[in-house]
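Peer 1: My structure is below; once you've seen it, I'll send some questions.
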Amino acid sequence: MTNSAANTGRVLWAGLRALLVLTVVCGVLYPLAVTGIAQAAFPGRANGSEIKDGSGKTVGSALIGQTYLTDGKPDPRWFQPRPSRGLGSNSANTRYRLLLSGATNRSGDNAGLIQWVNDAKAAVIRDNSVNGHTVKPSDVPADAVTSSGSGLDPHISPEYAKLQAHRIAARNHLTPAQVDELIAAHTEDRVLGFIGEPRVNVLRLNIALREVATAATPAGASD
């Protein structure tokens, strides 16, 4: 009986020591080491790929899209992202609020999806047609009327960005050529030259747009 109790005590003590050692190694030392290496080698990615504006204020993440709304409607002064019911919204471009993530999970012949795409296409044509420039249905790329798989894609295609150029120019006292230069400067190539498609980060583009538009806006002009 005494030997049994002693054996049990040794086993429990060994288990407790193992628990303490593993807690320190796996719960303290390893996380600290990984965090230290990440902060030293990849500080931007380790901290959430934050994007800062010209004043140094964090305005979002390079990995999560935003919408740009005024009174619940797309603000015509800014480039708009892919349609999504998962993006948070902001009107001042200084914060974002994540609502949900996920695709529509509807088949290509789903009546609801077809109606959603048709409505989105009509809205894109209406919102981006300005005096002297009318958007044609054939000009509307797929990413302008469909959400991404996650619903949080921070990028749009260069084609969708260029489709918005005339509206952006008209609303920000710029020329279409100036807007096209901004788009070209913020178009990212395929990863390693062959993976994926060229893309434009909407938040980075809008930050650059704000700087150019602020400098170009005549004194006393209103939106």
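Peer 1: Considering only segment 43-66, state which residues are of a type in the set (S, T, Y) and either on the phi > 0 side of the Ramachandran plot or surrounded by 19 or more Cβ atoms within 10 Å (Cβ to Cβ) (or both).
Peer 2: Result: S49, single match.
Peer 1: If you go through segment 155-166, how many residues are part of a helix (DSSP H, G or I), more than 19 Å from A62 (Cβ to Cβ) and not small (G, A, S)?
Peer 2: Summing the residues that are part of a helix (DSSP H, G or I), more than 19 Å from A62 (Cβ to Cβ) and not small (G, A, S) in segment 155-166 gives 4.
Peer 1: Given the conditions (1) modelled with pLDDT under 90; (2) surrounded by 11 or more Cβ atoms within 10 Å (Cβ to Cβ); (3) among the hydrophobic types (A, V, I, L, M, F, W, C), and given that A92 satisfies all but one, which numbered condition is not satisfied?
Peer 2: Tallying (1) modelled with pLDDT under 90; (2) surrounded by 11 or more Cβ atoms within 10 Å (Cβ to Cβ); (3) among the hydrophobic types (A, V, I, L, M, F, W, C), A92 fails exactly one: (2).
Peer 1: What is the number of the single condition among (1) under 23 Å from K57 (Cα atoms); (2) part of a loop (DSSP other than H, G, I, E, B); (3) at pLDDT 95 or above that L182 does not meet?
Peer 2: Just one mismatch for L182, condition (2).
Peer 1: Another one. Which of the residues belonging to segment 121-154 are outside any helix (DSSP H, G or I), under 21 Å from the mean Cα position of the chain (by Cα) and at pLDDT below 95?
Peer 2: Answer for segment 121-154, where residues must be outside any helix (DSSP H, G or I), under 21 Å from the mean Cα position of the chain (by Cα) and at pLDDT below 95: V145, T146, S147, S148, G149, S150, G151, L152, D153, P154.
Peer 1: I'd like the full set of residues that are closer than 13 Å to G65 by Cβ and surrounded by fewer than 15 Cβ atoms within 10 Å (Cβ to Cβ), limited to segment 130-149.
Peer 2: Selection gives G149 alone.
Peer 1: Just checking, does segment 56-68 include any residue being part of a strand (DSSP E or B), within 21 Å of R126 (Cα to Cα) and under 15 Å from the mean Cα position of the chain (by Cα)?
Peer 2: For segment 56-68, residues part of a strand (DSSP E or B), within 21 Å of R126 (Cα to Cα) and under 15 Å from the mean Cα position of the chain (by Cα): present.
Peer 1: From R10, R45, R17, which residue is modelled with pLDDT of 90 or more and among the basic types (K, R)?
Peer 2: R17
The values are calculated or read from the model by the stated rules, or taken from the named source; none is laboratory data. This one's a predicted model, so the numbers in the text were calculated from it and none came from an experiment. Cβ sites come from the backbone with ideal geometry, for glycine too, and all protein chains shown count toward neighbours.
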